[in-house]
Amino acid sequence: MKKILFLIPLLAACTFQIPVDETLLELPAFDKDAVIIEHKGFTLSYDEDNHIPNWVAYELTDDETRGNEERGDRMFSMDPELGRNQAMREDYSGSGWTRGHLAPAADFRWDSEAMDETFYLTNICPQSEKLNAGDWEFLERKVRDWARNYGKVWVVAGPVIGRNIYGTIGKHTDVTVPDAFFKAVMAYDGMKYISIAFVMGNDDERYYLRDCAMSVDELEKLTGYDFFASMDDDVEGAAESSWEGSPWGIR
């Protein structure tokens, strides 16, 4: 199993300047006992009790959004990096929930192997079919637009188990159905870092981006995660404390 045991700290950066090394910018903080798996295009933290990811994080560049790899007939499969303590494809069959990507396949059209790995069940959560094919997919398309606009973005997505109102599914493994999903996005606009976050319920409701948007600070309070943890504290604080719709094209 591939594990990152600690975050490599970035060199100190002055406020509103790009850090010398942005390699790990997308990663939330995690402790040394976390199950962390590195794939070609993304890193994930896996919850072996609930059999879903805690979060999935990756950098997405302008060039990567313009790849030609097609989804085709790829099949969902178990992650060879983790072993047996994970969900199986059959756990979702007939459950009434779709296999929802956290790192979407369309963000990895730049490489066949990278796209293959998005179909590992460690990147998947039980998701409402209407959400998966509707507002969540719309948000995924917006993230690609932002990557093209800013040159690159850093993305973290994950489930909110909450009160676990939907229980579990699974013929072989108890797979927890999240109450909601989150996504946090960071970009550099040429002068400063900017960020925005979203939470959408795992249901059939309509979620307009402005209505489900929040600051990354607010999302951190909701989830307990420290997002973009390798940033200089002053830069991180300025970027995460609030959000505005206009830089993201949200009215």
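The values are calculated or read from the model by the stated rules, or taken from the named source; none is laboratory data. Computed from a prediction, not measured in an experiment: that's the story for all the values here. Note that each Cβ is placed from the backbone with ideal geometry, even for glycine, and that neighbours are counted across all protein chains shown. In case anyone asks, the SASA skips ligands and DNA or RNA and just uses the protein heavy atoms, side chains included. Shrake-Rupley method; radii C 1.70, N 1.55, O 1.52, S 1.80 Å.
Structural remarks
- For region 181-221, the share of alpha carbon pairs falling in successive 10 Å distance bins from zero is 28, 46, 21, 4 percent.
- In region 30-163, one over the average inverse separation of all distinct C-alpha pairs is 15.3 Å, which is the Kirkwood hydrodynamic radius.
- Candidates ALA147, SER77, PHE119 compared by Cα position along the dipole of region 73-169: farthest toward the positive end lies ALA147, with charges placed on Cβ.
- Cα shape, region 185-248, gyration tensor, a/c 1.5 rule: oblate
- Length added when fully stretched, SER93-ASP189, from 0.36 nm per residue minus Cα-Cα: 30.2 nm
- Rounded to 0.05, the FRET efficiency of the ARG251 and LYS40 pair, given R0 = 41 Å and the Cβ-Cβ distance, is 0.70.
- Relative to the current alpha-carbon distance between ARG74 and GLU244, full extension at 0.36 nm per residue lengthens the span by 57.4 nm.
- A simple spin-label model places pseudo-atoms 7 Å from Cα toward Cβ; at LYS130 and ASP174 they are separated by 2.9 nm.
- Cross-link reach is defined here as a Cα-Cα straight distance under 15 Å, omitting same-chain residues fewer than 8 places apart; for LYS130 the aspartates and glutamates meeting it are GLU140, ASP179, ASP203, ASP204, GLU205.
- Per-residue SASA entry for ASP226, accessible area with 1.4 Å probe, Å² rounded to 10: 60
- Selection from SER215, GLY158, GLY237, by position along the positive dipole direction of region 130-250 (Cβ): GLY158
- Note on ASN164/ARG141: beta-carbon distance plugged into 1/(1 + (r/R0)^6) with R0 of 30 Å gives a FRET efficiency of 0.55.
- Each peptide in 148-154, 243-249 gets a packing score, the mean of other Cβ atoms within 10 Å over its residues, and the list from highest to lowest is 148-154, 243-249.
- Approximate spin-label separation ASP63-GLU48, in nm, with each point projected 7 Å along Cα-to-Cβ: 3.8
- Per-pair calculated FRET efficiency, R0 = 41 Å: ARG84 and TYR208 via Cβ, rounded to 0.05: 0.50
- For region 100-178, the calculated P(r) over all alpha carbon pairs, in 10 Å bins from 0 to the bin holding the longest distance, is 16, 45, 30, 9, 1 percent.
- In order along region 122-135, the phi-based Karplus estimate (6.51 cos²θ - 1.76 cosθ + 1.60, θ = phi - 60°) of 3J(HN,Hα) comes to 6, 9, 10, 10, x, 9, 3, 4, 5, 5, 4, 8, x, 5 Hz; Gly and Pro are listed as x.
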